[in-house]
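Read the structure below first, then the notes.
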Amino acid sequence: MFSLSQRFQHVSNQALSFAIFAAAFVVASTWVQLYRDNVFSLNSSIGNVNPHINVRTSRYYGSVNGKPKENIRLSFDLDADLTPLFNWNTKQIFAFVTATYDGKLKNGVKSEVTFWDTIITDKAEAHITLENLKSKYSVWDLEEKLSERDLTFHLHWNIQPWIGTLIYGKTTGQTIVGIPERKVPSKNQNKSTSESR
Amino acid sequence: MNLRLELTRFLNLCFALASAFMFWKGLSIVTDSHSPIVVVLSGSMEPAFQRGDILFLWNRNALNKVGDVVVYEVEGKEIPIVHRVLREHVDEKSGKQLLLTKGDNNAGNDIPLYARRKVYLQKDRDIVGTVKGYIPQLGYVTIWISENKYAKAGLMGLIGLSALLSNE
């Protein structure tokens with residue numbers, strides 16, 4: 001009746017069902033804890049946004065067939081306290097600043113792009129206060145120009161757990177910045193003024 | 001030797017294999033992804049994911065968001081890549097979405113990894129799934145089996161032996 005293989009099957013079945021229950025408990029209690037800590041309405045502020053517009057012709061900066069492409073880099077201030085995101089099932093926080101905007105030439109095109117991100121693995125470093133922070137990425141659009149439109153900035157976060165589901169959220173702060181027209185390089189400006197004289 | 005008993009054992013083995021296959025394909029249909037469970041093979045998403053971690057995917061979402069960790073396949077390359085969405089551009093009329101991805105642990109974005117002359121991924125064509133759940137390290141067994149020929153032979157032997165020894 002009781003063979004080794006039966007015994008093995010019995011034990012492994014029990015281990016599997018216990019593991020499934022344990023995982024379900026971990027996932028559920030993590031979510032309960034996050035709601036109790038009110039993490040889905042954390043505040044943040046993004047300010048002092050200064051765009052720097054550049055034109056690039058490399059494929060790795062979005063240029064197609066060598067056509068010039070506007071790239072935007074930023075400097076900005078960021079203040080957010082992500083400490084409540086850390087609990088017993090938090091392995092790391094991935095925090096990222098994105099901008100959303102509408103297409104200009106074609107209607108109905110919506111975009112969201114990342115300007116800056118960071119990985120936080122320590123609760124002590126979860127309170128972000130940074131000034132004149134340089135954006136990590138040089139951002140371009142599908143269109144030639146990214147300037148002359150409004151960019152809406154948000155700080156998002158993603159909790160990577162030790163085990164369970166990936167959890168995403170957005171802080172409540174929102175900053176809208178109008179990107180000005182790209183200034184024509186000073187060389188051309190001088191030329192035009194000298195011609196007009 | 002009893003022929004009927006041997007045949008029953010063989011049928012039992014077939015039943016086990018078929019139900020495993022059915023479970024996998026059923027999961028594929030539910031998640032709308034041809035490989036709903038993947039094992040991380042590289043360190044490009046460290047420290048979020050290490051080699052050997054198991055990821056559960058979901059692919060019924062029409063669009064991805066920035067920050068999502070997606071698994072995508074590149075034409076002509078066998079190994080699927082697990083990276084994070086850095087940018088998304090969606091055309092709301094046609095519902096087509098373009099994505100740019102990057103590994104957390106990589107310095108630059110993924111354009112050098114994409115198929116020739118491509119600078120974006122297409123959500124509906126290239127994405128295998130979005131990572132929803134995570135179990136650490138357990139997938140190392142499959143890496144070990146697929147990369148070590150003795151482990152593979154040993155496992156096959158074990159399955160065969162247990163099928164022969166089981167007498168129900």
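The values are calculated or read from the model by the stated rules, or taken from the named source; none is laboratory data. Keep in mind it's a predicted model, so treat the numbers as computed, not measured. Positions of Cβ are generated from backbone atoms using ideal geometry, with glycine treated the same way; all protein chains shown enter the neighbour counts.
The single residue among B:S44, B:S19, B:S94, B:S28 that is on the phi < 0 side of the Ramachandran plot and touching a residue at least 60 places away in the same chain (Cβ under 8 Å) turns out to be B:S44.
Among the residues of the range A:84-95, is there at least one that is touching a His at 6+ places or on another chain (Cβ under 8 Å) and surrounded by 13 or more Cβ atoms within 10 Å (Cβ to Cβ)? Checked the range A:84-95: at least one residue is touching a His at 6+ places or on another chain (Cβ under 8 Å) and surrounded by 13 or more Cβ atoms within 10 Å (Cβ to Cβ).
In this structure, is A:K145 of a type in the set (K, R) and over 22 Å from B:V85 (Cβ atoms)?
On the way: of a type in the set (K, R): yes; over 22 Å from B:V85 (Cβ atoms): yes.
Yes: the conditions hold for A:K145.
Does B:G129 count as part of a strand (DSSP E or B) and either within 14 Å of chain A (Cβ to nearest Cβ) or buried (at least 17 other Cβ atoms within 10 Å of the Cβ) (or both)? Give the steps one after another, and end with the answer.
On the way: part of a strand (DSSP E or B): yes; either within 14 Å of chain A (Cβ to nearest Cβ) or buried (at least 17 other Cβ atoms within 10 Å of the Cβ) (or both): yes.
Spelling it out, B:G129 is indeed part of a strand (DSSP E or B) and either within 14 Å of chain A (Cβ to nearest Cβ) or buried (at least 17 other Cβ atoms within 10 Å of the Cβ) (or both).
Any residue that is closer than 20 Å to A:D141 by Cα, assigned to a strand (DSSP E or B), within 11 Å of another protein chain (Cβ to nearest Cβ) and without any contact (Cβ under 8 Å) to a residue 24 or more places away in the chain - is there at least one of those in the range B:103-111? Walk me through how you get there before you give the answer.
Here is the first cut: in the range B:103-111, the ones closer than 20 Å to A:D141 by Cα are B:108-111.
The next check asks that each one be assigned to a strand (DSSP E or B); those that pass are none.
Within the range B:103-111 (the criterion being closer than 20 Å to A:D141 by Cα, assigned to a strand (DSSP E or B), within 11 Å of another protein chain (Cβ to nearest Cβ) and without any contact (Cβ under 8 Å) to a residue 24 or more places away in the chain), the answer is no, since none of the residues qualifies.
Looking at this structure, is A:P51 in the same structural domain as A:V139 (by TED's automatic domain parsing), out of contact with any strand residue (DSSP E or B) (no Cβ under 6 Å at 6 or more places or on another chain) and either under 19 Å from A:I119 (Cβ atoms) or surrounded by 15 or more Cβ atoms within 10 Å (Cβ to Cβ) (or both)? Don't jump to the end; show me each part of the working.
Working: in the same structural domain as A:V139 (by TED's automatic domain parsing): yes; out of contact with any strand residue (DSSP E or B) (no Cβ under 6 Å at 6 or more places or on another chain): no; either under 19 Å from A:I119 (Cβ atoms) or surrounded by 15 or more Cβ atoms within 10 Å (Cβ to Cβ) (or both): yes.
Answer is no for this residue.
Search the range A:94-129 for residues being within 14 Å of the chain's Cα centre (by Cα) and of a type in the set (D, E), and hand back the single one that is nearest to the other protein chains (Cβ to nearest Cβ).
A:E112
Across the range B:88-102, the qualifying residues are those that are closer than 21 Å to A:K136 by Cβ and more than 9 Å from chain A (Cβ to nearest Cβ), and the one among them that is nearest to the chain's Cα centre (by Cα) is B:T101. When the range B:1-39 is limited to residues that are of a type in the set (S, T, Y) and touching a Pro at 6+ places or on another chain (Cβ under 8 Å), the one that is farthest from B:G129 (Cα to Cα) turns out to be B:S28.
Would you mind telling me which numbered condition in (1) free of Cβ contacts under 8 Å to residues at least 60 places away in the same chain; (2) not in a strand (DSSP E or B) A:K67 fails? The single condition A:K67 does not satisfy is (1).
Condition check: within 13 Å of chain B (Cβ to nearest Cβ), assigned to a strand (DSSP E or B) and at pLDDT below 95. Does A:I20 satisfy that? No.
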